[in-house]
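Enquirer: Can you read through this structure? Questions will come right after.
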Amino acid sequence: MSTSYDVLYGAFFKMIEKDLDFFTYSNVSSEEAMEIAKNRAKGYLVEAITALKINCSTELALELDDENETIGDVLTPIEINLLASLMREKYFERDFSLLKAFQLQFSPKDLQVFSPANERKTFMDMFESIKKENRVLMGNYSSRDRFTGKLKTIDYSMYHNE
């Protein structure tokens, strides 16, 4: 059993559907535009899986099968949402990097003309909020059974010498 990339892409696309730049490409059909969007999303998926593996203890292998476009695990709705949310963070992280590079290129006076401080601050606050939300989601995910949602507990009796 496995989970299709399309399931994860769909969840991710719903999170960023208001960002028309992600889905709009010049001189391509809607089918080609969707293929470009999926190719971009695949990069975010790989980064999201890496982040999940680094930050969470999980029983999942999260092995990608590019030939069949599936992940080798049956993911729960919570895991799908978590990966999509991490994909969203990776997506905005690229814009954050561009914003930082843009700030270094121009003087504060230039930035007032091209990118008002309020817009930069709003974006940076939103990005930090997404990162914080994802840390909470990963912490909650790590502390719960993936199928039942019940908190994991430690059986201390096995460490007690009698």
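The values are calculated or read from the model by the stated rules, or taken from the named source; none is laboratory data. Small disclaimer: the values here were computed from a predicted structure and weren't measured. Note: ideal-geometry Cβ built from the backbone for every residue, glycine included; neighbour counts use all protein chains shown.
Enquirer: Which ones in the range 63-96 are assigned to a loop (DSSP other than H, G, I, E, B) and either surrounded by fewer than 19 Cβ atoms within 10 Å (Cβ to Cβ) or of a type in the set (K, R) (or both)? Break it down into steps so the answer makes sense when it comes.
Expert: At the first step, the residues of the range 63-96 found to be assigned to a loop (DSSP other than H, G, I, E, B) are 63, 66-69, 72-76.
Correct list: E63, D66, E67, N68, E69, G72, D73, V74, T76.
Enquirer: Which one is farthest from M34 (Cα to Cα) among residues in the range 1-18 that are over 15 Å from the mean Cα position of the chain (by Cα) and not in a strand (DSSP E or B)?
Expert: Pass one, the range 1-18, residues over 15 Å from the mean Cα position of the chain (by Cα): 1-4, 18.
From the residues that got through so far, the ones that are not in a strand (DSSP E or B) too are 1-2, 18.
On the way: M1: 26, S2: 23, K18: 15 Å.
Looking at residues that are over 15 Å from the mean Cα position of the chain (by Cα) and not in a strand (DSSP E or B), I get M1.
Enquirer: Which residue out of I36, I16 is farther than 28 Å from D145 by Cα, touching a residue at least 60 places away in the same chain (Cβ under 8 Å) and hydrophobic (A, V, I, L, M, F, W, C)? Steps first, please.
Expert: Working: I36 fails: touching a residue at least 60 places away in the same chain (Cβ under 8 Å).
After applying the criteria, what remains is I16.
Enquirer: Here is a follow-up. Looking only at the range 60-88, which residues are out of contact with any strand residue (DSSP E or B) (no Cβ under 9 Å at 6 or more places or on another chain) and either farther than 16 Å from N140 by Cβ or of a type in the set (G, A, S) (or both)? Lay out the reasoning, then the answer.
Expert: Looking only at the range 60-88, we keep the residues that are out of contact with any strand residue (DSSP E or B) (no Cβ under 9 Å at 6 or more places or on another chain), and these are 66-67, 76-77, 81-82, 84-88.
Within the range 60-88, D66, E67, A84, S85, M87, R88 qualify.
Enquirer: Any chance you could count how many residues in the range 125-162 are β-branched (V, I, T) and touching a helix residue (DSSP H, G or I) at 6+ places or on another chain (Cβ under 9 Å)? Before the answer, list the steps.
Expert: So the first thing to find is which residues in the range 125-162 are β-branched (V, I, T), and the list is 130, 136, 148, 153-154.
Applying the additional criterion that residues be touching a helix residue (DSSP H, G or I) at 6+ places or on another chain (Cβ under 9 Å) yields 130.
Residues flagged as β-branched (V, I, T) and touching a helix residue (DSSP H, G or I) at 6+ places or on another chain (Cβ under 9 Å) within the range 125-162 amount to 1.
Enquirer: For the range 37-52, does any single residue satisfy the condition of being closer than 24 Å to F22 by Cα and acidic (D, E)?
Expert: In the first step, residues of the range 37-52 are kept if they are closer than 24 Å to F22 by Cα; the result is 37-52.
Adding the requirement that they be acidic (D, E) leaves 47.
There is at least one residue in the range 37-52 that is closer than 24 Å to F22 by Cα and acidic (D, E).
Enquirer: Between T122, T153, which is at pLDDT below 95 and surrounded by 11 or more Cβ atoms within 10 Å (Cβ to Cβ)? It would help to see each step written out before you state the result.
Expert: Details: T153 fails: surrounded by 11 or more Cβ atoms within 10 Å (Cβ to Cβ).
From the options T122, T153, the qualifying one is T122.
Enquirer: State whether one or more residues within the range 41-49 are exposed (fewer than 15 other Cβ atoms within 10 Å of the Cβ) and farther than 19 Å from E93 by Cβ. Please lay out each step first, then the result.
Expert: Step one: of the range 41-49, the residues exposed (fewer than 15 other Cβ atoms within 10 Å of the Cβ) are 43, 46.
Restricting the remaining residues to those that are farther than 19 Å from E93 by Cβ gives none.
No, every residue in the range 41-49 fails to be exposed (fewer than 15 other Cβ atoms within 10 Å of the Cβ) and farther than 19 Å from E93 by Cβ.
Enquirer: A further question follows. Restricting to the range 44-59, what's the tally of residues that are in contact (Cβ under 8 Å) with a residue 12 or more places away in the chain and farther than 13 Å from L82 by Cα?
Expert: Within the range 44-59, the subset in contact (Cβ under 8 Å) with a residue 12 or more places away in the chain is 44-49, 51-52, 55-59.
From what is left, the residues that are farther than 13 Å from L82 by Cα are 46, 57, 59.
Of the residues in that region, 3 qualify.
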